2 protein chains.
Amino acid sequence: MEALSLSEKFALVSEHWRPKVVAQLNGQELKLVKFQGEFPWHRHEREDELFLVWRGRMRLEFCDRRVELGPGEFCVVPHGVEHRTCADEEAHVLVLEPEATRNTGDIVDARFTAPSGVRI
Amino acid sequence: MEALSLSEKFALVSEHWRPKVVAQLNGQELKLVKFQGEFPWHRHEREDELFLVWRGRMRLEFCDRRVELGPGEFCVVPHGVEHRTCADEEAHVLVLEPEATRNTGDIVDARFTAPSGVRI
């Protein structure tokens, strides 16, 4: 049990779209992700996801709407809902979801699918 | 699915130590709590808890150490570990834990035990 810093942890992340686990609890993982550009459309069969913006701005796109998130704003994407994440400029985002969730959900993408469980 | 703001949600919280649920996902709840003073010593039999400071400073006290947390700092308290939370001045804190977790864990306190599942 120790104090961990979001800013210090984000400083360790050099890649876009590749989640890094900073905490595990109750079968869930708190992950830090740097977003830039557009992520592929996908859905998660069973996993709900929470996105909370720490720095910058991001956009959640759904089939019928867009949700814009700035610093200190958050949104839950329920399981089964198709979505993609976008950021016109680099955004630092906290993601909360179950352990071993594949970042690209029901698809596998050579560029975007990242290894799960990578801790920093 | 909508954008929710931590600052706007915290502005709705007028009481200290009484968690307000702002998101539910995967059987977990994201709660906002305003800390001020000292909370009773307790432990949670089965629930891990994550504390993330949004504004102000707080302190996690354990039997053998203290962990100081400022804005953007976080700490996980594993289940079974006796602890108490303290804040010399008001602190705004995000707490992540399973649904229906009692805030005072294994104790019931007339002043501090709060209803669970209160949404804002």
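Residues in the range B:94-120 that are of a type in the set (A, V, I, L, M) and within 13 Å of chain A (Cβ to nearest Cβ): B:Leu94, B:Val95, B:Leu96, B:Ala100.
Would you check which residues across the range B:36-52 are hydrophobic (A, V, I, L, M, F, W, C) and within 11 Å of chain A (Cβ to nearest Cβ) and list them?
Taking the range B:36-52 as the starting set, the residues that turn out to be hydrophobic (A, V, I, L, M, F, W, C) are B:39, B:41, B:50-52.
Of everything in the range B:36-52, those that are hydrophobic (A, V, I, L, M, F, W, C) and within 11 Å of chain A (Cβ to nearest Cβ) turn out to be B:Leu50, B:Phe51, B:Leu52.
The set of residues in the range B:5-20 being crowded, with 17+ Cβ neighbours inside 10 Å and assigned to a strand (DSSP E or B) consists of B:Lys20 alone. Selection of the range B:21-35 for residues being more than 13 Å from chain A (Cβ to nearest Cβ) and either assigned to a loop (DSSP other than H, G, I, E, B) or touching a Cys at 6+ places or on another chain (Cβ under 8 Å) (or both) yields only B:Phe35. No other residue among A:Leu60, A:Leu52 is at pLDDT 95 or above and more than 23 Å from A:Asp106 (Cβ to Cβ) apart from A:Leu52. Pairs are defined by a Cβ separation below 9 Å, a sequence spacing of at least 6 or placement on different chains, a first member in the range B:2-18 that is under 21 Å from B:Arg102 (Cα atoms) and hydroxyl-bearing (Ser, Thr, Tyr), and a second member that is outside any strand (DSSP E or B) and at pLDDT 95 or above; no pair meets this definition.
Give me the residue from the range A:90-106 that is assigned to a loop (DSSP other than H, G, I, E, B) and open to solvent by 50 Å² or more (accessible area, probe 1.4 Å) and, out of that set, nearest to A:Cys63 (Cα to Cα). Restricting to residues being assigned to a loop (DSSP other than H, G, I, E, B) and open to solvent by 50 Å² or more (accessible area, probe 1.4 Å), the top hit is A:Asp106.
For the structure I just gave you, tell me whether B:Val53 is over 30 Å from A:Cys63 (Cβ atoms) and not in a loop (DSSP other than H, G, I, E, B). Yes: the conditions hold for B:Val53. Among the residues of the range B:5-20, those that are charged (D, E, K, R) and away from chain A (no Cβ under 12 Å) comprise B:Glu15, B:Arg18, B:Lys20.
Would you say A:Glu2 is part of a loop (DSSP other than H, G, I, E, B), surrounded by 19 or more Cβ atoms within 10 Å (Cβ to Cβ), within 7 Å of chain B (Cβ to nearest Cβ) and in contact with a strand residue (DSSP E or B) (Cβ under 8 Å, 6 or more places away or on another chain)? Criteria not met by A:Glu2.
When each of A:Arg43, A:Arg55 is tested for being more than 21 Å from A:Glu90 (Cα to Cα) and surrounded by fewer than 21 Cβ atoms within 10 Å (Cβ to Cβ), the lone residue that passes is A:Arg43. Among the residues of the range A:58-89, those that are open to solvent by less than 80 Å² (accessible area, probe 1.4 Å), more than 9 Å from chain B (Cβ to nearest Cβ) and in a strand (DSSP E or B) comprise A:Met58, A:Arg59, A:Glu61, A:Arg84, A:Thr85, A:Cys86, A:Ala87.
The values are calculated or read from the model by the stated rules, or taken from the named source; none is laboratory data. Just so we're clear, the structure is a prediction, and the values are computed from it rather than from any experiment. Backbone-built Cβ (ideal geometry, glycine too); neighbour counts: all protein chains shown. Just so you know, the surface numbers come from the protein's heavy atoms only, side chains and all, with ligands and any DNA or RNA stripped out. Shrake-Rupley method; radii C 1.70, N 1.55, O 1.52, S 1.80 Å.
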